[in-house]
1. So if I check each of 96, 92, which one is free of Cβ contacts under 8 Å to residues at least 60 places away in the same chain and within 30 Å of residue 33 (Cα to Cα)?
2. Among the residues that make up the range 14-35, is at least one of them exposed (fewer than 13 other Cβ atoms within 10 Å of the Cβ), of a type in the set (Phe, Trp, Tyr) and more than 30 Å from residue 115 (Cα to Cα)?
3. Step by step: first the residues of the range 74-112, then only those that are surrounded by 12 or more Cβ atoms within 10 Å (Cβ to Cβ) and over 27 Å from residue 4 (Cβ atoms), then the one that is modelled with the lowest pLDDT. Which residue is that?
4. Any residue at all in the range 46-56 that's touching a residue at least 60 places away in the same chain (Cβ under 8 Å), of a type in the set (A, V, I, L, M) and either surrounded by 11 or more Cβ atoms within 10 Å (Cβ to Cβ) or out of contact with any Cys (no Cβ under 8 Å at 6 or more places or on another chain) (or both)?
5. So which residues in the range 73-92 are in a helix (DSSP H, G or I) and either in contact with a Lys or Arg (Cβ under 6 Å, 6 or more places away or on another chain) or more than 24 Å from residue 11 (Cβ to Cβ) (or both)?
6. Against the condition more than 10 Å from the chain's Cα centre (by Cα) and not charged (D, E, K, R), how does residue 53 come out, does it pass?
7. Where in the range 1-72 are there helices (runs of 4 or more DSSP H), lying fully within it, with 3 or more residues that are at pLDDT below 85 and acidic (Asp, Glu)?
8. Of everything in the range 25-53, what is closer than 14 Å to residue 102 by Cα, hydroxyl-bearing (Ser, Thr, Tyr) and in contact with a helix residue (DSSP H, G or I) (Cβ under 9 Å, 6 or more places away or on another chain)? Give them in sequence order.
Amino acid sequence: MFAAIAVALAALGLYGVVSFAVAQRTREIGIRVALGARRLDVGMLVVRQTMTIVTVGLAAGVGLALIVSPTLRAFLYGVPAVNVASILSVAGVLTGVALIACYVPARHATTLDPLKALRQE
């Protein structure tokens, strides 16, 4: 139950951050579309930037988990301190959640009308 709540909060937080970033860059995205950028390129721009941040976060998290896990060994009974399967599955789930969370902002960026985006203040 706690894990599901944590994943939902992570997805909601990531969605909020990505939506805010796309909203802040509305003019830039509008200019890109007005200058001839394809919708796919604009969507991939949003996804690429989001996944770069997620990759850095996952690398830092896995690194810290590997550093801290020997310290927590005393609290673990019958479970190894470093469980590669658990780390990979959590990283995969978080990557999937990040892709889902950035889908709506990326789709919004691809359907942006350049004229409205440039008029917006």
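1. 96
2. There is no residue in the range 14-35 that is exposed (fewer than 13 other Cβ atoms within 10 Å of the Cβ), of a type in the set (Phe, Trp, Tyr) and more than 30 Å from residue 115 (Cα to Cα).
3. Selected residue: 112.
4. Checking the range 46-56: at least one residue is touching a residue at least 60 places away in the same chain (Cβ under 8 Å), of a type in the set (A, V, I, L, M) and either surrounded by 11 or more Cβ atoms within 10 Å (Cβ to Cβ) or out of contact with any Cys (no Cβ under 8 Å at 6 or more places or on another chain) (or both).
5. 73, 74, 75, 84
6. Working: more than 10 Å from the chain's Cα centre (by Cα): no; not charged (D, E, K, R): yes.
The answer is no for residue 53.
7. It comes to none.
8. 50
The values are calculated or read from the model by the stated rules, or taken from the named source; none is laboratory data. Since the model is a prediction, treat every value here as computed from it, not as a measurement. Heads up, the Cβs are rebuilt from the backbone with ideal geometry, glycines too, and the neighbour counts pull from every protein chain shown.
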